[in-house]
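Below is one structure, written out as structure tokens; comments come after it.
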Amino acid sequence: MILRSKRRHRVYTSPEDQNRNEAGAGDGAGGRALPTARLGHDQIVRVFGGKPAADKASDQDPARKTNTPLASRIAGLELARDLSCDIGSRRWFGGLGTFIGLTAVALAFWPSYAPLEAASPVRIEAANVDEYRSQMIMPLALGSDTGRRMGATALVRPLAAAPERPQVQLVATLARGDSFDRMLLRAGVGRKDAARVAALVSDAMAIEEIEPGTKVDITLGRRAGANAPRPLDRLQFRARFDLELALTRPGPASGLSLERKIIRVDDTPLRIRGRVGSSLYRSARAAGAPASAVQAYLKALGEHVNMDREIGADDTFDLIVAHRRAATGERQAGQLLFAGLESGDKPRAQLMRWGEKGDFFEASGVGEQRSGLVAPVPGRMSSSYGMRRHPILGYRRMHSGVDFRARHGTPIVAVTDGRVTGAGRMGGCGNAVRLRHGGNLDTRYCHMSRMAVQNGQSVRRGQVIGYVGSTGLSTGPHLHYEMYRGGRAINPAGVSFVTRAQLSGSELREFRATLAKLKTVEAGAALARLDQTEDERAAREPLREIDRLDPNRTEPVS
């Protein structure tokens, strides 16, 4: 076996083998055999009669004798060379170039993974989309917004009866003028359960005290039959600001039981102070005062201070409002308790609500009303006070009052606080009411169609005391209004007086003590959250794991 080159057909022997052959040539046929070379399969040829087999075959083939140079070149091409041999030679670099070229060709034909471009999408109108969706099988939450029924395909099979939900949870709201039991019946609660709920709630509180707008969480269970009402499993609502009621049914065969949850409430009033600025109303609202409290503040302060001239932009307003905060986080603002105004460090006005009537009194214990008398009827004056010709008697006489033009049945109100000293028929005045006021002042209202007060009754300013008529010496429906001071008639149009309410004795001391305690409240102190007890923290522990992610979670109020 010998190694030959593919380009030239010559026998190749290594130098070591040549030396060995020369050394063993003298041995003749009896010399040792030469070691064979480890060659590739394509490098091994057999020698026939001193020539390689390929050369001998080419000599015998007439066709190959004519194309010997071309065939030799084609046979001499090496597309897959062994790069582990002759590293660094010209032949090795030629094989490396062939490898790089074939690799580049292979990479050029490498397939791409980019998405194939398909046909452009067709624009589908909304009506067609709804039509397609009606043929889909999808949950009602996704496909029922079109209002269409599902198309009758082979996948749709009619049900003998629609399955019902095992529970129905809903929220019912108590409307103004509605009753609690009617609300439950409209929500789907059975009559028996509704009557039981009303009886249990009545044991805890008066149902009439439940405020309109109260939301009730209702859970109805599974029906016992096709036409039977759903049983009430649970009912929960906030009955009062400090009370929450829950009615539960422990088992299907058991009755409803009531659970009361008392909510801890703090009654610290809310004090709001701030600079008047360009607008007292806007500044107070921007500071956080409720709109109703600001309106009450302006009304109370307007009776003691000229709002247009006596209030400056640098003055300080001071409001104290009744305020309640529950341990569950809810807040509730009430009526105005204190109205104050300061100019620099000097108080200009200090008014506090006091008494059953809820009037504002000054810090000195004096309640003052600066507004004048109220008109007894809405309408203009038709006849003034003084001498005139009487329309019925026909001669001139003193008209000791004023007449107001009004329709029959128009309400007549008291011009100020007083006590009824007469109510009945009074000669030419017809049906009349006489009132005694402070300061030795009396008023009389004549020609009434009917009276609304009785003798000895106390009346308030603006209270209805009768209705316009035409009794007595009268030519038509109107009100004849008279005023007397010390029993002597005076002109009602020229009277403007101030009514006062003065506290004294123990009531004045209690008033001043309450005012001093109220003024110790810090501004904004009622806005802080209440510190919860251990029981309250345990009650607010979330039941779901997802709710535990929010540590500042507040429970919704029913």
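The values are calculated or read from the model by the stated rules, or taken from the named source; none is laboratory data. All figures in this text were calculated on a predicted structure; none of them were measured in a lab. All Cβ positions, even for glycine, are placed from backbone atoms using ideal geometry, and neighbour counts span all protein chains on display. Heads up: the accessible areas ignore ligands, DNA and RNA and are worked out on the full protein's heavy atoms, side chains in. Shrake-Rupley method; radii C 1.70, N 1.55, O 1.52, S 1.80 Å.
Contact annotation: residue pairs with Cβ atoms under 9 Å, 6 or more positions apart or on different chains, pairing a residue in segment 517-532 that is farther than 14 Å from ALA322 by Cα with a partner that is open to solvent by 90 Å² or more (accessible area, probe 1.4 Å) and part of a loop (DSSP other than H, G, I, E, B), are LEU530/ARG264; GLN532/ARG264. Which of the residues belonging to segment 373-429 are open to solvent by 60 Å² or more (accessible area, probe 1.4 Å), at pLDDT 90 or above and in contact with a Lys or Arg (Cβ under 9 Å, 6 or more places away or on another chain)? Of everything in segment 373-429, just one residue is open to solvent by 60 Å² or more (accessible area, probe 1.4 Å), at pLDDT 90 or above and in contact with a Lys or Arg (Cβ under 9 Å, 6 or more places away or on another chain), namely ARG419. Cβ-Cβ under 9 Å, sequence separation 6+ or interchain: first residue in segment 410-430 and charged (D, E, K, R), partner not in a strand (DSSP E or B). Which pairs? Going by the 9 Å Cβ cut-off, the qualifying pairs are ASP417/GLY438; ASP417/ARG460; ASP417/ARG461; ASP417/GLN463; ARG419/GLY456; ARG419/GLN457; ARG425/THR471; ARG425/GLY472. Filtered by the rule that a residue be modelled with pLDDT of 80 or more and on the phi < 0 side of the Ramachandran plot, segment 352-369 gives MET352, ARG353, TRP354, GLU356, ASP359, PHE360, PHE361, GLU362, ALA363. On the basis of being open to solvent by 20 Å² or more (accessible area, probe 1.4 Å) and either of a type outside the set (A, V, I, L, M, F, W, C) or more than 30 Å from the chain's Cα centre (by Cα) (or both), does ALA194 make the cut? Considered against the rule, which asks whether it is open to solvent by 20 Å² or more (accessible area, probe 1.4 Å) and either of a type outside the set (A, V, I, L, M, F, W, C) or more than 30 Å from the chain's Cα centre (by Cα) (or both), ALA194 comes out as no. For segment 325-341, the set of residues classified as within 13 Å of ARG238 (Cβ to Cβ) and in a strand (DSSP E or B) consists of ALA326, GLN332, listed by residue number. Here GLU310 passes the criteria (1) part of a loop (DSSP other than H, G, I, E, B); (2) touching a Leu at 6+ places or on another chain (Cβ under 8 Å) except the one numbered (2).
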